[in-house]
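Have a look at the structure below before the remarks.
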Amino acid sequence: MWIPDQVGDDKKNMKTSFPIVGMHCASCAKLIEKKLTKTSGVKSAAVNYGSEQATVEYDPTIATKMVLSQAISDIGYKAIIENRDSEGRTSADEQKEAIKRKELQLLKRKVTVSSILTILILLGSLNHMFGDLTKAFPSFLRYFEIPPLILLLLTLPVLFWSGSEFFKASWSGLKNRAASMDTLIAVGTGAAFLYSAAFTLFPSQLMALGFPDTMYFDTAAVVITLILLGRYFEAKAKAHTSDALKKLLNLQAKTARVIRSGKELDMPIAEVKTGDIVRVRPGEKIPVDGIITEGASNIDESMITGESMPVNKRLGDQVIGATINKSGSFLFKATGVGADTMLSRIVTMVAEAQSSRAPIQRLADIVSGYFVPIVLIIAAITFVAWYDFGTFTQALTNMIAVLVIACPCAMGLATPTAIMVGTGRGAAMGILIKDAESLEVANKIKTIVFDKTGTLTNGKPVVTDVIPAPEPGSHWIPGQARNDKDILQLAASLEQGSEHSLAESIVTKAKERAVSLSPVSKFKATSGMGVSGVVKNQSFIFGNRALMGVQKIAVGSIEEILKQLETQGKTVMILATNKKLLGIFAVADTLKPSAIETIEVVKKMNITPWMVTGDNETTAQAIAKHVGIENVLAGVLPDQKAQKIKELKTSGNIVAFAGDGINDAPALAQADVGIAMGTGTDVAMESAGITLLNKDLRSIISAIKLSRATVAVIKQNLFWAFGYNIILIPIAMGALYPPFKLLLNPALAAFAMAASSVSVVSNSLRLKSSRI
Amino acid sequence: MDKIIVTITGILSILGIYWFFFGKKEETAQISSAATIIVDGGYKPKSFKIPQDKTTTIIFLRKDGNTCLEDLIIPDFKIKKYLPMHTPVTITLSPKKPGIYNFHCGMNMFHGTIEVA
C-alpha cells in the first residue's frame with residue numbers, strides 16, 4: 001500500500017512506507033527490521049509481516065531510499081520502492097506496457113523455439129505415425145526417423161520451457177481448487193507426454209501389460225506450439241483494444257507558458273496551478289482548461305469534441321486543455337488543472353466504462369465459473385467410453401482432443417474486448433459512454449425524447465417582437481400606444497439577475513437598443529414560469545401564461561395576438577403589474593441546422609421521436625411540426641421532465657432522453673439512456689449514460705449506431721464462443737465417429753482453439769473501422 | 001476386467017473432480033478497514049465482507065505469473081487494475097448499496113466475491 005512520505009520540520013526526519021516482497025514467516029520481518037535499524041541514517045524501522053509493509057523513519061541527508069532498498073536486498077528480500085509523483089501516482093500504464101513488451105518478446109522466443117522443435121518432432125515421428133504408409137513418402141523423409149529417446153528430449157523444452165506457464169498456472173490454480181484454461185492444456189499435453197515418456201523408457205513392460213506402441217510426443221508439442229502461437233497473436237491484438245485510451249492520454253500537452261510575477265516561464269503542466277495566467281501562441285496546444293482573459297483565436301477542438309470546424313473563442317470563453325490554438329495568441333486563466341481537466345475526466349470515464357460489465361455478459365459469467373471442471377468431467381467420460389467401446393489409443397487421443405479444443409477464453413473475451421473497442425471508438429468521436437450497460441441499452445432505444453431548448457434548437461433565443469399592451473378600454477392595436485422601449489426597459493431590468501436563456505435574450509435586446517437598466521429589488525424567479533420584482537418602487541411580473549394565471553391576471557384581451565405568435569413557434573412572455581397587462585414579448589429560438597435531418601434518420605431507425613418543452617402547446621406544436629416530430633410534451637416544467645420520462649417508460653419501451661445537461665440531470669438519470677449534449681460538466685456526465693461533447697445532433701445517431709454495432713459484435717462473439725464449444729466439444733468426443741468414422745485430431749483441436757480466441761479479439765477490433 | 005477397472009476409475013475421478021472443484025466451502029473473511037489479498041492461483045481470501053458506507057482499503061498482491069491474473073476487474077465498481085508481479089496495488093471501495101459483488105481476472109477464469117453488509 002502506498003502511504004505518502006512525511007517530512008519533518010527540520011527536513012532531517014523522513015518517514016516512508018513501502019511494501020516488501022519475499023517474506024515467508026514472521027521471523028523474516030524481525031530480520032529485516034534488525035537490518036534496517038542497523039543501516040546508518042535510519043532512526044527506527046517497523047516491518048509488518050501481515051501487510052508485508054515496512055515503515056522507516058530516517059534522515060534523508062544520510063540515508064536514501066536506494067540505500068534502504070539495497071540493505072533489504074542484501075539479506076534476500078525485495079523492497080518495492082517506486083518513483084512516484086507528488087500525488088502518489090506511478091505511471092502504471094507505462095509499467096504495464098514495459099512488462100507487456102517484455103512478455104511478448106519472451107513469448108515470441110518461446111514460439112520460435114517450440115516451432116522449430118515441433119517441426120523436427122513431427123518429421124521424426126512420421127514413421128511412428130504412419131507406419132507402412134511412409135513408403136509413399138519421399139525417400140529423405142523415410143530416413144528421418146528419430147529414436148523415441150531423442151523425441152522425448154526434444155519434447156522436454158517445448159513442454160517445460162515454452163509451455164511452462166500452462167503447468168505453473170494450473171498448479172497454482174489447483175492449490176486453490178480452481179481450474180482455468182491452462183489446466184485443460186496442461187492435463188491434455190501432460191497426459192500425452194507422460195504416456196509417451198513411459199513407453200519410451202519402459203517399452204517392454206508396458207507392452208506386456210497390453211498398451212499399444214504409440215507415441216504422442218508430436219501431439220503434445222504441436223498443441224503447445226499452436227496454442228502459444230494463438231496466445232502471441234491474441235496478445236498482439238489485445239494490445240490494440242486500448243489504443244483509444246492511449247491516444248487520449250497522449251493528447252496531453254507537456255509544458256505550459258505561465259506568467260508569474262510578470263515573467264513568462266515554461267513549466268511542466270503538473271506545476272500549473274488554478275488561477276495561473278497562461279499564454280498560448282498560434283499552433284500551440286492549450287495546456288489546461290481555463291477562461292480567456294485577453295485576446296481571441298480559432299481553436300481546433302476536434303480531438304476532444306469530434307467537432308471538425310475550428311471554434312471561435314473570445315474574451316470570457318472557455319478553452320479546453322489538449323485542444324489546438326489555430327490562429328491568434330491569447331492569455332487565459334487556468335480553471336482546471338491536473339485531474340480536474342476535461343481531458344482527465346474523459347480519460348477516467350473511458351477507463352471506467354471499459355471496466356464495467358455489460359448485462360449481456362451475465363450468461364458467459366455464469367458459464368465460465370463451471371466450464372473448466374465440466375470439461376474435465378467430459379474428458380473423463382470420453383476416455384472411459386472410448387476405452388470400453390474402442391481402443392486405448394482412441395480413448396487417449398479423444399480425451400486430449402476434448403481437453404484441448406475447449407475454449408473458455410473466447411467466452412471471457414467476447415464482451416469485454418468489444419466494449420473496450422466500442423467505448424474507445426466513441427471517445428474518439430466525442431461520444432463518452434459512462435458504462436457498458438448504457439452502450440448495450442442504447443441499442444434497444446425505441447423512444448427518444450428531445451429537450452427542445454439547447455438540444456433541437458441552439459438555445460440562444462432572440463427577441464422578435466416587443467408589443468406594448470393598449471391602455472385599458474382602448475382597442476388593441478399592436479405597435480401603437482405605449483412606447484415599446486419603456487416596456488423593454490422594465491422587462492430587461494427585471495431579468496438582469498436571471499440566468500435563464502430567455503432572460504438573456506431580453507437583456508441583449510435592451511443592450512442592442514441602448515436602453516439603460518434600472519436596479520431591481522425583491523427579485524424572485526419561479527422555475528418554468530417567470531420572474532417578479534420591484535423596479536422604481538412598483539412591482540412587476542414577467543413570465544408566461546402560467547405565471548399570469550397564478551397571479552390572476554386576465555389575458556383575454558390579448559389572446560388573439562398570443563395565439564398568433566405561438567403558432568409561429570415563438571415563446572411569448574407577458575409583462576404586467578399586479579393588476580394590468582403592460583406588454584408582450586415574443587422570443588424565438590433558432591433550430592440547429594442538423595435538427596430536421598436527425599429526426600428523419602431517427603424515424604428511419606424505427607425510433608419514435610418526442611419533444612419536451614416548457615413552451616405552451618401551440619408554440620411547441622409549431623416547432624415540432626417544423627422538425628417533423630408528432631409527439632409533443634408541452635408546458636412541462638424542468639422538474640416535471642423526469643416524471644414525464646417515467647410515464648413514457650411505463651409502456652415498457654426503452655426511453656432515451658437527450659438534453660443539454662443544464663437543469664435536466666434528473667431526466668437524464670430517469671431515462672433508460674440519458675444523452676447529455678455539448679457539455680463536459682460533472683453533473684451531466686454523472687447522470688447521463690452517454691455524453692456528447694459536441695453540439696451536433698447527428699452525434700446522437702452516431703451514438704446509437706455505435707451501440708448497435710458494438711452489440712452486434714458482442715452477439716457474434718458470444719454466438720461464436722458458445723457455438724464453438726457446443727459444437728466442437730461433442731465432435732472431439734467422437735460424435736461424428738458413428739456416422740462418418742471421423743475423429744478430431746488433437747493438433748487440429750489445438751489449431752481451432754487458438755484460432756477461436758484470436759478471431760474473437762479480431763472481430764472486436766473491427767469496431768475501430770466499422771461505418772458509424 | 002481392465003474395462004471394469006477403467007470404468008470404476010473414471011467414475012471415481014469424475015466424482016473426485018466434482019468434489020474437488022465444486023465441493024469446497026467458501027469462507028468469507030471479514031474486512032473492517034484494510035486487508036491484503038494475495039493473488040496466487042486465485043484470490044486469497046476469495047470472498048470477503050466489507051462494511052457499507054465506509055471506505056475500505058484492499059491491497060492486491062500478485063504472486064502468480066499466470067497472465068490471466070494480471071488484470072483485476074471489479075465491474076460493479078468500474079475498477080480495472082493491472083497487477084504487476086510482487087507489487088501491491090491498492091484499491092479503495094466505498095460501497096453505498098448492500099449486496100454481493102463479483103470480481104474476476106482479465107479473462108474471467110478466477111473469481112471472487114465482495115459482500116457488502
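Every residue, every condition in (1) open to solvent by less than 70 Å² (accessible area, probe 1.4 Å); (2) touching a helix residue (DSSP H, G or I) at 6+ places or on another chain (Cβ under 6 Å); (3) within 21 Å of A:K644 (Cβ to Cβ), yes or no:
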position: A:V515; (1), (2), (3): yes, yes, no
position: A:K563; (1), (2), (3): no, no, no
position: A:S594; (1), (2), (3): yes, yes, no
position: A:E600; (1), (2), (3): no, no, no
position: A:T608; (1), (2), (3): yes, no, yes
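Scanning the stretch A:652-702 for residues that are in a loop (DSSP other than H, G, I, E, B), within 19 Å of the chain's Cα centre (by Cα) and closer than 23 Å to A:I299 by Cα yields a count of 6. Against the test of being over 18 Å from A:S115 (Cα atoms), β-branched (V, I, T) and part of a loop (DSSP other than H, G, I, E, B), the options A:T200, A:T214 yield a single qualifying residue, A:T214.
Confirm whether A:L209 is open to solvent by 60 Å² or more (accessible area, probe 1.4 Å) and either touching a helix residue (DSSP H, G or I) at 6+ places or on another chain (Cβ under 7 Å) or not β-branched (V, I, T) (or both).
Spelling it out, A:L209 is indeed open to solvent by 60 Å² or more (accessible area, probe 1.4 Å) and either touching a helix residue (DSSP H, G or I) at 6+ places or on another chain (Cβ under 7 Å) or not β-branched (V, I, T) (or both).
In the stretch A:23-47, of all residues being surrounded by 16 or more Cβ atoms within 10 Å (Cβ to Cβ) and within 18 Å of B:P88 (Cβ to Cβ), the one that is modelled with the lowest pLDDT corresponds to A:M23. Of the residues that make up the stretch B:48-64, is at least one under 19 Å from A:C409 (Cβ atoms) and within 10 Å of chain A (Cβ to nearest Cβ)? Yes.
Does A:S17 meet the test of being surrounded by 15 or more Cβ atoms within 10 Å (Cβ to Cβ), outside any loop (DSSP other than H, G, I, E, B), at pLDDT 80 or above and within 14 Å of another protein chain (Cβ to nearest Cβ)? Answer is no for this residue.
For A:I377, the criteria (1) surrounded by fewer than 22 Cβ atoms within 10 Å (Cβ to Cβ); (2) within 24 Å of B:I11 (Cα to Cα); (3) more than 7 Å from every other protein chain (Cβ to nearest Cβ) hold in every case but one, which is (3). B:I14 - would you say it is in contact with a helix residue (DSSP H, G or I) (Cβ under 8 Å, 6 or more places away or on another chain), more than 7 Å from every other protein chain (Cβ to nearest Cβ), surrounded by 14 or more Cβ atoms within 10 Å (Cβ to Cβ) and among the hydrophobic types (A, V, I, L, M, F, W, C)? Against the criterion (in contact with a helix residue (DSSP H, G or I) (Cβ under 8 Å, 6 or more places away or on another chain), more than 7 Å from every other protein chain (Cβ to nearest Cβ), surrounded by 14 or more Cβ atoms within 10 Å (Cβ to Cβ) and among the hydrophobic types (A, V, I, L, M, F, W, C)), B:I14 does not qualify. Figure legend. Inter-residue proximity from the stretch B:102-117: first residues under 17 Å from A:L363 (Cα atoms) and within 7 Å of chain A (Cβ to nearest Cβ), second residues part of a loop (DSSP other than H, G, I, E, B) and not charged (D, E, K, R), beta-carbon distance below 7 Å, spacing 6+ or different chains. Indicated pairs: B:M109/A:S180; B:F110/A:A178; B:F110/A:S180; B:F110/B:G42. For the stretch A:99-119, name all the residues that are without any contact (Cβ under 8 Å) to a residue 60 or more places away in the chain and not hydroxyl-bearing (S, T, Y). Those that are without any contact (Cβ under 8 Å) to a residue 60 or more places away in the chain and not hydroxyl-bearing (S, T, Y): A:I99, A:R101, A:K102, A:Q105, A:L106, A:R109, A:V113, A:I116, A:I119. Restricting the stretch A:174-190 to residues that are part of a helix (DSSP H, G or I) and over 21 Å from A:V223 (Cα atoms), the residue that is nearest to the other protein chains (Cβ to nearest Cβ) is A:K175.
Residues of the stretch B:49-75 being surrounded by 20 or more Cβ atoms within 10 Å (Cβ to Cβ) and either at pLDDT 90 or above or in contact with a Ser or Thr (Cβ under 8 Å, 6 or more places away or on another chain) (or both), which ones?
Passing the criteria: B:I50, B:T56, B:I58, B:L61, B:R62, B:D64, B:N66, B:C68, B:L72, B:I73, B:I74, B:P75.
When A:L184, A:L248, A:L154, A:L149 are screened for being in contact with a Leu (Cβ under 9 Å, 6 or more places away or on another chain), in contact (Cβ under 8 Å) with a residue 12 or more places away in the chain and open to solvent by 60 Å² or more (accessible area, probe 1.4 Å), only A:L149 passes.
Of all the residues in the stretch A:726-752, those that are open to solvent by 10 Å² or more (accessible area, probe 1.4 Å) and assigned to a helix (DSSP H, G or I) number 15.
Taking the numbered list (1) within 14 Å of the chain's Cα centre (by Cα); (2) within 12 Å of chain A (Cβ to nearest Cβ); (3) more than 24 Å from A:L104 (Cα to Cα); (4) open to solvent by less than 10 Å² (accessible area, probe 1.4 Å) in turn, B:T36 passes all entries but (4).
Only one of the listed residues (A:A351, A:A364, A:A358) is of a type outside the set (K, R), within 14 Å of chain B (Cβ to nearest Cβ), open to solvent by 20 Å² or more (accessible area, probe 1.4 Å) and touching a residue at least 12 places away in the same chain (Cβ under 8 Å). That residue is A:A351.
Scan the stretch A:419-445 for residues that are part of a loop (DSSP other than H, G, I, E, B), under 17 Å from A:R698 (Cα atoms) and either open to solvent by 10 Å² or more (accessible area, probe 1.4 Å) or charged (D, E, K, R) (or both) and jot them down. Passing the criteria: only A:M429. In the set (1) assigned to a helix (DSSP H, G or I); (2) open to solvent by 50 Å² or more (accessible area, probe 1.4 Å), A:I714 fails one condition alone, (2). Filter the stretch A:161-171 for residues that are open to solvent by less than 10 Å² (accessible area, probe 1.4 Å) and at the interface with another protein chain (Cβ under 7 Å from one of its Cβ atoms) and give the result. Within the stretch A:161-171, just A:A169 meets the criteria. Scanning the stretch A:534-561 for residues that are in contact (Cβ under 8 Å) with a residue 40 or more places away in the chain and in a strand (DSSP E or B), we see that the one that is surrounded by the most Cβ atoms within 10 Å (Cβ to Cβ) is A:F542.
Selection over the stretch B:37-53 of residues that are in contact with a Leu (Cβ under 9 Å, 6 or more places away or on another chain) and at negative phi gives a count of 6.
The values are calculated or read from the model by the stated rules, or taken from the named source; none is laboratory data. This one's a predicted model, so the numbers in the text were calculated from it and none came from an experiment. FYI the Cβ positions are ideal-geometry reconstructions off the backbone, even for glycines, and counts take in every protein chain you see. In case anyone asks, the SASA skips ligands and DNA or RNA and just uses the protein heavy atoms, side chains included. Shrake-Rupley method; radii C 1.70, N 1.55, O 1.52, S 1.80 Å.
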